[in-house]
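Please read the structure below before turning to the comments.
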Amino acid sequence: MEGLRRIPARARIGLRPIGGRAPVAAALLGLQVNWPLALLAVLATLVVIVLLVPMLRGPKERDAPPATGHRERRRSPVTGRREAREALALVGEALAATHNPRALMPVVLNVITEATGARGGRLLHDGEEVGWVGDVDSDGHAVEFDLSAGDETAAMTLVLNPPDGGFSDETMKLAEWLSSQAAIALENARLHDIVQFQAITDELTGLVNRRRFLDALRSEITRGQRLGGPLSVVLADLDGFKLVNDRFGHHAGDEVLIAFADLLRAHGRDMDVAARLGGEEFAILLPETGLNGARAVADRLRGSLAGLRIPLGVGEKVSVTASFGVAELGESQSVDGLLRAADSALYRAKEHGKNRVELAGQDAA
C-alpha cells in the first residue's frame, strides 16, 4: 500500500474479491444482491454514526468549557453507557438489514472507522486484504480486531490506523463492541449465503439444481423476448447408468455423475448454466446460441465422455456414454414447450442406439 496519497476516510473506499467462490460461479448461480436492503443498511449506518460520534470525542473536546465561561455539566457514566448500548443495538440492526457479505463489508468499514476516528481501516480475509477505506499506510501502531466470530475457516480481521495520539481507552472499548456486532452480522450473512447456495445447488455434483435451472431458463426467455437473440437447451441422460450402480455400487455411480458434471463445467462458458435435473439427467442452458452451435456443444460433450476412463476408487475404471437432445427456442415458445422439444429429441437419441445427439425438429419446436 506504499505510495498512496493520504486523503480523508470518506474519499476512498475499495473492495477486493473474497477467496472462495469465484465471481464466475456466483454469476452462474445467479446470486443477487438485495440492493434496497443494502441501501437501507448504509442509510441506517449513517444515522448511527451521527449518534455515535459525539459520544466518542476525546475527553478534552467533549468536556471543554463553553464560550460563556461556565463549565458544561458532564454526562454521567451510566447515561453514557446506556446510550452507547442503544447505539450499538442500532448498529446491529443496520448490519442485519442485508444478508450479503459483500454489501456488509463497506458498512462495517465505514461504521467502525468513522465512529472511532481512525485514519483508515482494512479488512483481511485469511490474511488477504479484501477491503479498505481512508488512509491505510501502516505506521506500526495499527490495531487489529477479530471479526471471524470463532469460525477458523473464514478468518476475518479488521485493522484500524489510529489518529494522532492513538485511541483512548473509551474508544478502544467501543471499537471492540462494534467489532463484536460486525462479527456476528458477517457470520450470519455467511451462513445465510451458504443456505441460499444449498437451496439452488445439487449437493453431489455442485451444479445448479432443477429449480434454479428453470428460474434461469425463464429469465433468459424473458430477456430474449426483450432483446432478441437465440437460446438453446441441451438435455443429457447417461446411458446404462443403472448397470454401473448394480455392478460397482452407488458410490461408483456417484463418481460417474461427478465426472460428467466436471465435463459440463469444463466445456461451458461463463454465461451457460449447467444443471443436474435429477438422477442421471442433466441439462445445459446456452444463451446466445442457435441450434447448430448447441449441437456442436453436445457433440463435444458426447465425444469427451465416451473417451473418458472414470476411476471408481475400488481399483476399477469405467467408461460410460450419454445421449443428448437439443432444441432451440422458437417464437412464442414457452419453457415447457422448449423442454418438451429437447426431451423428445433425447428420446429419439436413446431409441436410435444411444451415445448420439439428436435435434428437435421444426414440428417439435
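The values are calculated or read from the model by the stated rules, or taken from the named source; none is laboratory data. Source: prediction; values computed, not measured. With ideal geometry, Cβ positions are generated from the backbone for all residues, glycine too; neighbour counts draw on all protein chains shown.
Between 265, 302, which is within 19 Å of residue 354 (Cα to Cα) and basic (Lys, Arg)?
Selected residue: 302, the only one of 265, 302 that is within 19 Å of residue 354 (Cα to Cα) and basic (Lys, Arg).
So, in the range 232-246, of the ones that are hydrophobic (A, V, I, L, M, F, W, C) and crowded, with 21+ Cβ neighbours inside 10 Å, which residue ends up farthest from residue 301 (Cα to Cα)?
244
Please work out if residue 332 is within 18 Å of residue 224 (Cα to Cα), surrounded by fewer than 24 Cβ atoms within 10 Å (Cβ to Cβ) and without any contact (Cβ under 8 Å) to a residue 24 or more places away in the chain.
yes
Do we find a residue being surrounded by fewer than 16 Cβ atoms within 10 Å (Cβ to Cβ) and closer than 24 Å to residue 251 by Cα anywhere in the range 285-301?
No, the range 285-301 has no match at all.
Consider only pairs whose beta carbons are under 9 Å apart and that are at least six residues apart or on different chains; among these, list those whose first residue lies in the range 345-357 and is touching a residue at least 24 places away in the same chain (Cβ under 8 Å) and within 13 Å of residue 306 (Cα to Cα) and whose second residue is charged (D, E, K, R) and in a loop (DSSP other than H, G, I, E, B).
Note: pairs meeting the criteria are 354/239; 355/239.
What about residue 208, is it under 17 Å from the mean Cα position of the chain (by Cα) and surrounded by 19 or more Cβ atoms within 10 Å (Cβ to Cβ)?
Answer is yes for this residue.
May I ask you to verify whether residue 192 is assigned to a helix (DSSP H, G or I), in the same structural domain as residue 301 (by TED's automatic domain parsing) and either more than 24 Å from residue 350 (Cβ to Cβ) or over 20 Å from the mean Cα position of the chain (by Cα) (or both)?
Taking the combined requirement at face value, the residue does not satisfy it.
Return yes when residue 224 is under 15 Å from residue 205 (Cβ atoms) and surrounded by fewer than 21 Cβ atoms within 10 Å (Cβ to Cβ) and no when it is not.
The answer is no for residue 224.
Pairs only if they're at least six apart or on different chains, beta carbon under 6 angstrom, first in the range 117-132 and free of Cβ contacts under 8 Å to residues at least 60 places away in the same chain, second of a type in the set (Asp, Glu) and part of a strand (DSSP E or B); list them, first residue then second.
From the range 117-132, the pairs are 122/129.
State all residues of the range 148-161 that are modelled with pLDDT of 85 or more and under 22 Å from the mean Cα position of the chain (by Cα); if no residue qualifies, say none.
Passing the criteria: 157, 158.
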